[in-house]
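The values are calculated or read from the model by the stated rules, or taken from the named source; none is laboratory data. Source: prediction; values computed, not measured. Note that each Cβ is placed from the backbone with ideal geometry, even for glycine, and that neighbours are counted across all protein chains shown.
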Amino acid sequence: MKVYGLFAVVLALLSPVASATEAKDVKAFTLDNGMKFLVLEDHSIPNANLYLFWKVGSRNEVPGITGLSHFFEHMMFNGSENYGPKMFDQTMEAAGGANNAYTTENTTVYTDWFPSDAMETIFKLEADRVRALTLDDEMIESERGVVTSERSTGLENSNFRAIWEEVKGAAFRAHPYSWPVIGHQSDIDNWSKQDLVDYFKTYYAPNNAVAVVVGDVSTRDVKKLAERHFGDIPAGKAPRPIHTVEPEQKGEKRVFVSKASVTTPNLMIAYKIPATSDPDYHALSLLASLLGDGNSSRLYRQLVDEQQLATDIFVYMPESFDPNLFYIYAVAADGISPEALEKGIYRVLETVKTEGIDDKELQKVKNGKLMEFYRTLETINGKADTLGSYELYFGGYEKLFEAPEDFNRVTRDDIVNAAREYLAKSRRTVGILDKAEPEDELAALPATSNERGE
Amino acid sequence: MKSTLIILLSLIVGAFAGAGQTADSFRMPDFEQVQLDNGLTLYLMEQHEVPLVSVAAFVRAGAVLDGEQMGLASMTGDGLLFGTDKLPKKAVEDTFEFVGANLATSVASDYSVLSMSSAKKDLNVLLPIFADLLTRPTFAADEFDKHQTRTLAQLQQRRESPRSVINDYFDRAMFGADGYGNPVSGTQKTVGALTPDELAGFHKDWYQPDNVALVVVGDFATRDMIARLKKQFGGWQGQSKSRPDSDNALRTLDGNQVVLVNKSDARESTFMIGGPGITRSNPDYVPLIVINTVLGGRFTSWLNDELRVNSGLTYGARSRFNALEEAGTFAISTFTKTESTEAAMDLALETYQRLWSQGIDKAALDSAKNYVKGQFPPDYETNSQLAGLLGQMFIFGFGPAFINDFEQQVDSLTTDKARQLIEKHFPRDDLQFVVIGKADAIAELMKKYGTVSRYEIEADQYGD
């Protein structure tokens, strides 16, 4: 009773939020060269942003140029026809703007944040590097050092990073999700300028991008600037699709990473799941929340709070073009072995699979998704990032506004079935990061002479 | 108890009106500040964009009051969430998380915060629980035991990452073994010695209405909210202890000092170089943000340009002022692979000297001013960010002028004034270095920079 009472309260919230931002508030247009723009006016602060989503990430790489998508992201800041080395940042910052960029397995995203009156400067800068990027030899060499430092500081400071690349490498033997987004060090050291030239030509054509502008702007102005600055950049040939399908995994895979400074074992368990576009996405996403979101989640409550097997635990399910991984990551409590922690996690998963979930828990995770949706819409950056993500991963930005309903349709059975199907032993890769590997098994055996019966 | 139900309008010490937004000036949104009879300060700001409300209680008590019991303020903050007489910890979590609400605590050197964010319609259920957690926490012994065990493991785990601990070494070196020199999260030894009674004692000393501001930002009507908060918090009675004369003075350094922290499996050296800075209430706070933007506060800053863009020595180099209530520090920070430690440290020092040898020209200053102004509004966009701003106003004693005069203060900085401020506020001699890395490879080199003290990263200490 209480459950449904509270649920009614949450549902009632839908209308005021929907009236704050709806699908029809987003204006979409596509230039003749195929570059798509999404615009959402929001006048709450005198600022705006431009998020440029490129459909290229580490999945577009091949051995020998692993990490090139990310390196390319760096090179996009190192000079173009009308703005020489350093001028992109200098011009943008002098106009009050700031920027960043990130690369994932699937996409490369460039983010600019600026006072609205600087919008034309931002468009000029972005268009110039898309039209005519220059790849200066000295800048390439210096940038190798920067990316080497980025890779190294990640491995130095993050246990997750250290174990993640090993787990991915084991989980995928054919598909390019096998290597880390930052790439192998030997590839960072050795890719050539020609590799970069080819990459630019193949992937940085306007028809391979989606631009999102959110903030204190008018759609008319955005359209005018888009046409003026991006309109004459020629379309390119559509990049070749990634046809490699990871062969079906037939049994559990395991990896071990040793790092002397680790104080308690870290554990990563990664299950093969379908792409974000799959109909099971929403059930899996709710399953991830049920397992890992908040102190009342199954894994946290059982393993961190009640059994004290872990000091921290979380679930990570990245959006993905191709079938990818559902990660469970845990840090062992003092004195807890990786085996005990791992068993503890499986026991929790087993409970979901065999005993199911009740209505209240289902409602909790749905309510959580709804609140997450509102919080996303609280900032212009949240709006831009999420609109772009839905456009790329879910088949259209409109799907963002259908998300609460899509989650709402998921049943208890859907979630339990997803757990049974996907969180299966044969689909998982297990990684353990610890101070040192356990002793060699032979050392624990009796002396070999015994085998001769002496 | 009922006496506090009366709102005396004369107690409204401030009602500030934003003068309407124009394209190029960002103003403080309207808010009201009210003081209840029991001394509790309320800040209320209506924001109607989404049907959410953020509530945050800012308590004027942070790690600076820990004394020798390092970690006491932090554990007390954590302990608020161990539950109340009416609701044990799990029931609190279940109630908040069922409706997708957030509940969190955080503790800094100068203050502690209990905060929540929820749909406005859930406040009826959640606000009374929030009030109980703030004013009548039980610090349940069984929950304390579990939390203490977990915290001890985490204190050890954070030593796996140089970036997690380097600031604690730096503060310890700058302030000595008390006050701001205390690591906020404590050490294994001091946290291991704490008891639930000591948390309750800290709570009783400092979590009192005259020492707390309750900040509410979001989708509500101010009059209704004041009435509701009076009903909820009006009966809270008590007085906080008077603050001790804590020793927050910076140590005087005699020549350059180097704290070398050995991490045997380090692949890189992580370092900070700095000295004394300013308090948060220093009138030069805003112009110093602008000057620091040129030196190390953005991508094209001198430090990042030299160490990253020109030389490829690092992924990033920056500088910052850490402005606290009674003191502050300034520091440069970056990291580089072990083999290039000397090159990076030399280049950082050389670039820093440009503040004096070359100074800041008009073009650099103008660019930094635009940057700082352009990036300012997004810092105050969400309910939680605005609640944080109001809470900081309470803790550090600044007013809405910080927002409303920000642009004018930025604009009025000239190159002459910048030169004076550099002379006055940036430490030039007697610098404090902290370097975390592979001592076998860099210990000898460290002597070049100053008098060296050496520690091991896994040891349960941040200084002598």
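So here's what we get for this one:
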| item | result |
| --- | --- |
| Identity of the residue in region A:263-281, in contact with a helix residue (DSSP H, G or I) (Cβ under 6 Å, 6 or more places away or on another chain) and charged (D, E, K, R), that ends up nearest to A:ALA403 (Cα to Cα) | A:ASP280 |
| Residue in region A:29-37 that is within 14 Å of another protein chain (Cβ to nearest Cβ), in contact (Cβ under 8 Å) with a residue 12 or more places away in the chain and outside any strand (DSSP E or B) present | no |
| Count - residues of region B:169-178 that are surrounded by 22 or more Cβ atoms within 10 Å (Cβ to Cβ) and touching a Ser or Thr at 6+ places or on another chain (Cβ under 9 Å) | 5 |
| Residue match in region A:341-359 (condition: of a type in the set (Asp, Glu), in contact with a Phe, Trp or Tyr (Cβ under 9 Å, 6 or more places away or on another chain) and modelled with pLDDT of 95 or more) | yes |
| Strands (runs of 3 or more DSSP E) completely within region A:193-278 that count 3 or more residues being in contact (Cβ under 8 Å) with a residue 24 or more places away in the chain and within 28 Å of A:GLU41 (Cβ to Cβ) | A:209-215 |
| Residue selected from region A:154-180 under the condition farther than 23 Å from B:THR270 by Cα and basic (Lys, Arg), by the criterion nearest to the other protein chains (Cβ to nearest Cβ) | A:LYS168 |
| Breaking point among (1) modelled with pLDDT under 95; (2) part of a strand (DSSP E or B), for B:GLY275 | (1) |
| Residues located in region B:63-119, provided they are within 14 Å of chain A (Cβ to nearest Cβ) and of a type in the set (D, E, K, R) | B:ASP78, B:LYS89, B:LYS90, B:GLU93, B:ASP94, B:GLU97 |
| Flag for B:SER112 being over 15 Å from B:GLY79 (Cβ atoms), touching a helix residue (DSSP H, G or I) at 6+ places or on another chain (Cβ under 6 Å) and at pLDDT 95 or above | no |
| Among the residues listed as A:GLY344, A:GLY396, the single one being more than 28 Å from B:HIS147 (Cβ to Cβ), among the small types (Gly, Ala, Ser) and free of Cβ contacts under 8 Å to residues at least 60 places away in the same chain | A:GLY396 |
| Hey, B:ALA266 in contact (Cβ under 8 Å) with a residue 24 or more places away in the chain and either part of a loop (DSSP other than H, G, I, E, B) or on the phi > 0 side of the Ramachandran plot (or both) or not | yes |
| Elements of type helices (runs of 4 or more DSSP H) in region A:394-454, at least 3 residues being at pLDDT below 75 | A:441-444 |
| Test for A:LEU377: is it modelled with pLDDT under 95, hydrophobic (A, V, I, L, M, F, W, C) and touching a Lys or Arg at 6+ places or on another chain (Cβ under 8 Å) | yes |
| Residues that are surrounded by fewer than 19 Cβ atoms within 10 Å (Cβ to Cβ) and assigned to a loop (DSSP other than H, G, I, E, B), drawn from region A:329-339 | A:ASP334, A:GLY335, A:SER337 |
| Those helices (runs of 4 or more DSSP H) lying entirely in region B:161-216 with at least 1 residues in contact with an Asp or Glu (Cβ under 6 Å, 6 or more places away or on another chain) and among the basic types (Lys, Arg) | B:188-192 |
| Region A:237-292: number of residues that are farther than 26 Å from A:GLY395 by Cα, within 14 Å of chain B (Cβ to nearest Cβ) and out of contact with any Leu (no Cβ under 8 Å at 6 or more places or on another chain) | 4 |
| Condition broken by A:GLU342, with the remaining ones in (1) in contact with a helix residue (DSSP H, G or I) (Cβ under 8 Å, 6 or more places away or on another chain); (2) more than 11 Å from every other protein chain (Cβ to nearest Cβ); (3) in a helix (DSSP H, G or I) satisfied | (1) |
| Answer from A:SER186, A:SER178 - the residue that is of a type in the set (Ser, Thr, Tyr) and either surrounded by 14 or more Cβ atoms within 10 Å (Cβ to Cβ) or over 30 Å from A:ASN78 (Cα atoms) (or both) | A:SER178 |
| Count - residues of region B:416-452 that are among the polar types (S, T, N, Q) and surrounded by 15 or more Cβ atoms within 10 Å (Cβ to Cβ) | 1 |
| Residue check, B:VAL261 within 13 Å of chain A (Cβ to nearest Cβ), part of a strand (DSSP E or B) and not aromatic (Phe, Trp, Tyr) | yes |
| Complete set of residues in region B:338-390 that are among the polar types (S, T, N, Q) and touching a Leu at 6+ places or on another chain (Cβ under 8 Å) | B:SER340, B:THR341, B:THR351, B:ASN383 |
| The listed residue being surrounded by fewer than 18 Cβ atoms within 10 Å (Cβ to Cβ) and under 26 Å from B:ARG163 (Cβ atoms), out of B:GLY328, B:GLY399, B:GLY316 | B:GLY316 |
| In region B:375-384, residue farthest from the other protein chains (Cβ to nearest Cβ) [restricted to those that are in a helix (DSSP H, G or I) and more than 15 Å from B:HIS48 (Cα to Cα)] | B:ASP379 |
| Verdict on A:ALA98 being more than 21 Å from A:ALA205 (Cβ to Cβ), of a type in the set (Gly, Ala, Ser), in contact with a Gly (Cβ under 7 Å, 6 or more places away or on another chain) and not assigned by TED's automatic domain parsing to the domain that holds A:MET317 | no |
| Count of residues meeting criterion [of a type in the set (Ser, Thr, Tyr) and under 24 Å from A:GLU81 (Cβ atoms)] in region A:199-258 | 4 |
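One line per residue, one yes/no per condition, for (1) within 29 Å of A:PRO241 (Cα to Cα); (2) of a type in the set (Asp, Glu); (3) facing chain B (nearest Cβ under 7 Å); (4) part of a helix (DSSP H, G or I):
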{"position": "A:MET92", "(1), (2), (3), (4)": "no, no, no, yes"}
{"position": "A:GLY96", "(1), (2), (3), (4)": "no, no, yes, no"}
{"position": "A:TYR102", "(1), (2), (3), (4)": "yes, no, no, no"}
{"position": "A:VAL109", "(1), (2), (3), (4)": "yes, no, no, no"}
{"position": "A:MET119", "(1), (2), (3), (4)": "no, no, no, yes"}
{"position": "A:LYS124", "(1), (2), (3), (4)": "no, no, no, yes"}
{"position": "A:ARG129", "(1), (2), (3), (4)": "yes, no, no, yes"}
{"position": "A:LEU135", "(1), (2), (3), (4)": "yes, no, no, no"}
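Let's see how each residue does on (1) under 30 Å from A:GLU156 (Cβ atoms); (2) within 14 Å of chain B (Cβ to nearest Cβ); (3) aromatic (Phe, Trp, Tyr):
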site	(1), (2), (3)
A:LEU377	no, yes, no
A:ILE380	no, yes, no
A:LEU400	no, no, no
A:LYS435	yes, yes, no
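Residue by residue, here is whether (1) farther than 26 Å from B:ARG163 by Cα; (2) free of Cβ contacts under 8 Å to residues at least 12 places away in the same chain holds:
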site	(1), (2)
B:ALA364	yes, no
B:GLN375	no, yes
B:PHE394	yes, no
B:PHE406	yes, no
B:GLN432	no, no
B:GLY437	no, no
